[in-house]
Amino acid sequence: MKDLGTRDDPYDVIGLGFGPSNIALAIAAQEIAPDRSCLFLERSPDVCWHEGMLIDGARMQISFLKDLVSLRNLASPFTFLAYQKAKGRLEKFVNLSEFRPTRLEFQDYLRWVGSQFSGTVRYRSAVTSVSPVRGDDGTLSLLRVTATDTATGEVVEYHARNVVHGLGGLPKVPTGVTTGPSVVHSSAFLSKFPGAFTDHDRDWEFAVAGDGQSAGEITHYLLDRYRNSRVHLVLPGYSLSATDNNPFANEQFFEANADAFYFRSEENRRDYGARLRGTNYAVVEAGFLDDLYRLVYADEVRGRTRLVVHDGCRLTSADSDGTGVRVGVFSRFGAGAHELRTDGLVLATGYRRDLDTEMYRDVLPYLETDDRGRPVVSQDHRARSTAELTCGLYLQGLSEATHGLGETLLSLLPFRSKQIITAIAKDGGSMARAFPAAQDDFEALVAQIRRCDSGTVISAGPSEFPVAIRLPLTLERNRGRQGVLFGVLDRTDAVPLTDGGKVLAVFDPASAGQPMSVNVRGHVRLVSDRERIAGHLARLDPAESAGSPDATVGIEVEIEMLSGRVHPSREQRAVGTETEGQS
């Protein structure tokens, strides 16, 4: 038996990172496509989730029902309530009448789930590169993932048909700011800051930059734990603001509404995101704001002002000089540029989410990008690529512009993981490779397709109404696993097919005078490659190549299942590359 992960026997899925996104994916893979082989690579020695902000008593901002799986599958053995039952605390948890568990308990839940996938996770594995590998058919059909064992330094290579990026965000540090023992990002707050300031009675001068939940919690922590300290809160806006938690706004995190967001126009998506930004960004949970205000008010009663708010300000610099931290601040409300002298600075400035250009340098040339250089991602979170790259790269948490504000949050993980693993399952998977179709039957069906001048593509359109389109379809055997059908639509009107939607292409006897019809199951991809479209039109009719293809759009259907049916007076026969239940 060959070792999994080699070129000859690659994994179906390699997940980069094993935080909430890819733990949810591991659950979905086990429950939806258990025959797929999966491996997850995680840099840390265990499941780690916002360890720098696991402040005692800090609570989740969402219900425990928005765990990794409950909203997708209540019967799953990996729900938060199943975790409570396994820990022997279910009745006590119910007795709390608390919908929002502490952040510390939620991490324990994540580790409990992660422990049940220990056989498919390689901890202490730092991924250094992801590179495409050319297959025997000439296409880039595999991805090679190179990782370094952080304990031994050993470099290991794995191969996969699909890679799912789930590495989370990287700390965002403002330009001109140098981090160090006294200047830390919130992601490392608990692991570094208290150890640098051990005297809790000293008259410290601290600064916190930011206006979100982390900024509020860190400010409260410093005022509460260092009772003689003064905290300078550097705010970009006018004041700390409460999260918009009204139930109507929160409906944007429903599965159906999140799916619908993808099909909005770009202008509408920008407007929608801007108006609902208060549900997630630059806001603090309202109840926590009350707690912070009570703490500040109690100081006022004692005759002390320990919280100094610098509103409308941004950091311009920060560096340690041996005696403290010089913090450069610019105020847009009249004070202009000035400097604060502090003992320590915490950056609650959020995270940046993009692909590591060094890690993906060999893949990026094959990816489609938007006008800002960001990868274009389909509804099922697959990065769109050139036709040459036939393996799958799926991105988690990097597509807020097209998938909505829930893209970086826990709320939609059960649904996103379902979309990704369902898309991956359509490639035939391990079972289909273990039991391949009879070659003679498959070739007979392919020959029948080539005899037909055209086929009928049937699908559910963007409004879920059935759509049937008849058009010439070219079979390209050198692409995909079983081949790809390529055709061109006139898009004088809106394109009637949904990118990523399930389709059935029918090649019937009437179109070629043959007694056997062929059905092709797959998923449609919209193609904008002008040269490919023009080449297809030229093959059909050289006169067409003289015209502009700008009024057309290409479609391709990767063959996932073929079936043939002999019509009356002939024996029926069928061949499949995948079971009906999986297609």
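Summary table
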{"item": "Exposure rule at most 12 other beta-carbon atoms within 10 Å, DSSP loop chymotrypsin sites (Phe, Trp or Tyr not before Pro): the chain longest free segment", "result": "334-583"}
{"item": "Full-stretch length increase - Arg294, Glu388 - with 0.36 nm per residue and alpha-carbon distance subtracted", "result": "27.8 nm"}
{"item": "Potential extension, Ser115-Ala337 segment - 0.36 nm per residue separation minus Cα distance", "result": "74.8 nm"}
{"item": "Burial ordering of Val346, Val130, Val308, Val484, fewest other beta-carbon atoms within 10 Å first", "result": "Val308, Val484, Val130, Val346"}
{"item": "About the Cα centre, charge dipole magnitude for the stretch 1-133 (Lys/Arg +1, Asp/Glu -1 at Cβ), debye", "result": "260 debye"}
{"item": "FRET efficiency, Glu91 to Ser44 (Cβ-Cβ, R0 25 Å, nearest 0.05)", "result": "0.15"}
{"item": "Anisotropy class of the stretch 175-298 from Cα gyration tensor, a/c 1.5 cut", "result": "prolate"}
{"item": "Inter-label distance for Val506 and Ala256, nm, one decimal - labels placed 7 Å from Cα along Cα-to-Cβ", "result": "2.9 nm"}
{"item": "Shape category assigned to the stretch 75-159 from the gyration tensor of Cα positions, a/c cut at 1.5", "result": "prolate"}
{"item": "Cβ charges +1 (Lys, Arg) and -1 (Asp, Glu), total dipole of the chain, debye", "result": "560 debye"}
{"item": "Whole-number D in µm² s⁻¹ for the stretch 1-126, Kirkwood Cα-pair radius fed into Stokes-Einstein, 10 °C, 1.306 mPa s", "result": "101 µm²/s"}
{"item": "Under 5 Å, built H, 5+ apart or other chain: amide partners of Val183", "result": "Leu345"}
{"item": "Debye equation applied to the C-alpha atoms of the stretch 150-205, log10 I(q)/I(0) at 0.15, 0.20, 0.29, 0.31 Å⁻¹", "result": "-0.75, -0.94, -1.19, -1.25"}
{"item": "Net charge contributed by nearby residues that have their C-beta within less than 15 Å of Val329 (K/R +1, D/E -1)", "result": "-1"}
{"item": "Positive-end extreme of charge dipole, the chain - chosen from Asn246, Leu398, Gly168 (charges on Cβ)", "result": "Asn246"}
{"item": "10 Å Cβ shell holding at most 16 others, DSSP loop, GluC sites (Glu not before Pro): longest site-free stretch of the chain", "result": "155-357"}
{"item": "Cα gyration tensor category, rounded, prolate or oblate, for the chain with a/c compared to 1.5", "result": "prolate"}
{"item": "The chain: antiparallel DSSP beta bridges as a percent of all, rounded to 5", "result": "70 percent"}
{"item": "Residue pairs, from the table Lys172/Lys426; Lys66/Lys172; Lys85/Lys418; Lys87/Lys418; Lys66/Lys92; Lys92/Lys192, whose Cα atoms sit over 29 Å apart", "result": "Lys172/Lys426; Lys92/Lys192"}
{"item": "Most positive-pole-ward Cα, Val145, Cys452, Thr349, against dipole of the chain from beta carbon charges", "result": "Thr349"}
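Taken together, the values in this text are just the output of simple stated rules run on the coordinates, not laboratory data. Predicted model, so just to flag it, every value in this text is computed and none were measured. Cβ sites come from the backbone with ideal geometry, for glycine too, and all protein chains shown count toward neighbours.
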